[in-house]
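The values are calculated or read from the model by the stated rules, or taken from the named source; none is laboratory data. Remember, predicted model here, so these are calculated numbers, not experimental data. Cβ atoms come from the backbone with ideal geometry, glycine included; neighbour counts cover every protein chain shown.
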Amino acid sequence: MDTLNDEKIKELKIIANKIRKSIIEMLFKAGSGHPAGALGMADIFALLYFHVLRHDPKNPLWEGRDRLVLSNGHICPVLYASMAHAGYFPLEELETLRKFGSRLQGHPHREFMPWVENSSGPLGLGLSQAVGMAIADRIYAGDKTIYALLSDGEHDEGNTWEAVMLASKEKLSNLIVIVDRNNIQISGNTEQIMPLGDMSEKYKSFGWFSQNVDGNDLQEIYKAIYKAKNHKGGPSVIIANTVPGKGVKEWENDYKWHGKAPNINEADMALNELDSLYA
Amino acid sequence: MLNQSIKINTKIFNDDVEKISSRDGFGSGLLQAGYDNENIVVLSADLSESTKANLFAERYPKRYIEVGVAEQNLATVASGIAAMGKIPFITSYAMFSPGRNWEQIRTSICYNNQPVKIVGSHAGLSVGPDGGSHQALEDIAITRVIPNMVVISPCDSIEAKKATIACSNTKNPTYIRLARNNTPTITTEETPFEIGKAHLYFVPEIGLAHVGIIATGPILYNAIIAAHELEKKGIKVKVLNLSTIKPLDTESIISLAKETKAIVTVEDHQITGGMGSAVAECLAQNYPVPIELVGVKDVFGQSGTPLELEKYYEIDTSHIIEKVEKILKRKI
């Protein structure tokens with residue numbers, strides 16, 4: 001199927017909303033963390049975990065699973081919430097985020113939570129790891145799709161571009177990269193800190209199949225993933241133009257919410273707003 | 001005398017002793033490991049001829065990836081390959097890997113605990129004419145400090161081959177330190193090698209030793225020559241080959257310290273944070289005895305022949321002898 005039907009879209013929207021609420025509850029209880037990117041990516045995570053990924057939450061280390069590499073580990077509340085809602089572990093465990101002894105480390109650590117594919121946090125490392133996975137899958141004749149989720153800000157890192165070149169050279173058509181193009185990074189807007197310009201064109205010039213989509217529009221993202229999966233001969237990138245803080249009007253597009261947890265009043269307000277969307 | 005119970009090369013004191021580089025030993029070990037285990041993948045950062053990874057590339061082209069001059073990518077791509085259950089060997093000069101890409105190794109390889117094998121060639125002053133920019137003298141320090149990492153510094157081509165094959169069968173991230181130049185063959189095929197186990201290569205003919213020398217890498221040769229000279233002067237010395245720097249063979253080190261009450265360490269690396277530091281950390285906590293450290297003293301190297309550099313930076317045989325004589329006076 002190259003499109004989602006209305007019923008599926010509604011179902012995924014409800015799931016994305018649940019993921020957003022979990023993110024806010026987790027961050028409030030943790031007292032620190034990164035809400036903006038996590039909220040902005042909730043639609044993409046809902047789509048991946050509940051429709052696109054070949055995986056089995058009851059058998060997380062199943063060898064035949066697709067691989068999802070989250071590179072910008074600071075948005076892990078959306079990863080943990082998606083995994084919990086998908087059935088990897090109990091929803092109650094989300095409350096342990098960033099607490100001592102928790103499997104849900106402040107940035108994902110594979111030694112604590114072996115069901116994440118990679119430890120992450122330090123930026124610019126994820127695409128290379130995904131490229132390595134895609135190379136291994138190709139050498140050993142696998143049939144997996146490797147998904148790498150990157151932030152726009154981590155394209156400041158040279159390591160990311162080293163991986164961009166290698167993926168193209170190796171013609172990794174089993175690799176799909178989704179870039180969270182939300183235009184913010186920790187100390188300001190991306191175009192002020194380090195202009196990234198037209199990311200889609202940049203990838204194209206490196207030989208990638210490149211698409212630009214509204215990263216909060218499930219249908220658009222799905223169509224792009226479908227096209228990417230069917231693209232042969234090289235790697236694919238989807239520049240997902242997302243709204244940071246998506247779902248909570250007051251926080252949307254404000255870089256100050258990149259790395260600040262809500263207090264009780266802010267969390268209450270945000271949860272009420274999300275509740276009103278899908279009562 | 002040479003400890004012949006472990007079959008050391010009997011020609012070691014001859015002028016025409018065979019000389020082969022440890023990187024050559026790695027190259028042939030890698031071929032063997034690649035033949036034995038089809039999960040081995042090799043990555044290169046544009047230096048495959050220098051590192052001898054080219055031998056593997058010719059034999060197993062499908063399991064060989066050239067990433068270009070990009071050592072950060074070299075390490076992180078290998079982490080991804082290892083995450084798929086494979087055993088990647090990454091090859092470059094020690095200065096660039098683990099030098100340039102330290103944080104990638106720390107985070108994507110060791111923090112993930114992936115069995116990537118990091119092979120750094122051209123380590124130490126023995127690089128020679130290329131000069132200080134290319135002489136990795138800090139690599140032992142920066143690798144042994146990372147949790148999960150195993151650090152091996154083979155003394156010759158035969159030991160390098162054995163270390164390569166041995167580490168291809170383990171699940172640990174591992175650093176193998178190699179040298180560029182042809183250096184004397186110290187061991188034989190029969191000499192035992194086990195990761196984490198040090199062996200005595202030189203022992204007194206009779207009785208207890210007065211001083212224990214602990215050496216790592218090809219410079220072990222200088223330590224053995226020094227011991228041989230000292231023997232003629234009536235100073236009895238034991239020489240321990242500490243080819244695995246992490247995990248440290250504390251048992252062998254402490255036992256040597258108990259016998260000799262005086263230890264001299266020898267390495268082609270900075271004294272700070274290197275093998276000698278590891279030995280000092282061990283002995284200070286377990287069995288404190290006087291220690292003298294032979295190594296580079298907080299300065300960068302420069303161009304020159306390996307022999308000129310050894311002498312100038314005081315890691316040659318005569319300086320080892322000097323340190324042994326000095327520590328005899330410090331003995332309590």
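Computed values, structure above
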quantity	calculated
Test set (1) modelled with pLDDT under 95; (2) among the hydrophobic types (A, V, I, L, M, F, W, C); (3) under 27 Å from A:GLY245 (Cβ atoms) - A:LEU127 fails condition number	(1)
Residue within the range A:53-72 that is out of contact with any Asp or Glu (no Cβ under 7 Å at 6 or more places or on another chain), of a type in the set (S, T, N, Q) and more than 25 Å from A:THR3 (Cα to Cα) present	yes
Subset of the range A:117-174 (residues that are part of a helix (DSSP H, G or I) and more than 10 Å from chain B (Cβ to nearest Cβ))	A:GLY153, A:GLU154, A:HIS155, A:ASP156, A:SER168
Any hit, the range B:257-274, residues being assigned to a helix (DSSP H, G or I) and in contact with a helix residue (DSSP H, G or I) (Cβ under 8 Å, 6 or more places away or on another chain)	yes
Odd one out for A:GLY101, checked against (1) of a type outside the set (Lys, Arg); (2) more than 14 Å from every other protein chain (Cβ to nearest Cβ); (3) within 22 Å of B:GLY80 (Cβ to Cβ)	(3)
Listing of helices (runs of 4 or more DSSP H) fully contained in the range A:183-279 that carry 1 or more residues being touching a Phe, Trp or Tyr at 6+ places or on another chain (Cβ under 7 Å)	A:218-230, A:264-277
Enumeration of residues in the range B:289-332 that are among the aliphatic types (A, V, I, L, M) and free of Cβ contacts under 8 Å to residues at least 12 places away in the same chain	B:LEU307
Residue check, B:GLY124 buried (at least 24 other Cβ atoms within 10 Å of the Cβ), outside the structural domain of B:MET275 (by TED's automatic domain parsing), closer than 24 Å to B:LYS246 by Cα and small (Gly, Ala, Ser)	yes
Failed criterion for B:GLY68 (all others in (1) of a type outside the set (Val, Ile, Thr); (2) touching a helix residue (DSSP H, G or I) at 6+ places or on another chain (Cβ under 6 Å); (3) free of Cβ contacts under 8 Å to residues at least 24 places away in the same chain hold)	(2)
Tally, over the range B:98-138, of residues that are over 16 Å from B:VAL42 (Cβ atoms) and within 14 Å of chain A (Cβ to nearest Cβ)	13
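Conditions tested, residue by residue: (1) within 15 Å of B:LEU178 (Cβ to Cβ); (2) exposed (fewer than 14 other Cβ atoms within 10 Å of the Cβ).
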position: B:VAL17; (1), (2): no, no
position: B:SER22; (1), (2): yes, no
position: B:GLY27; (1), (2): yes, no
position: B:LEU31; (1), (2): no, no
position: B:TYR35; (1), (2): no, yes
position: B:ASN39; (1), (2): no, no
position: B:SER50; (1), (2): yes, no
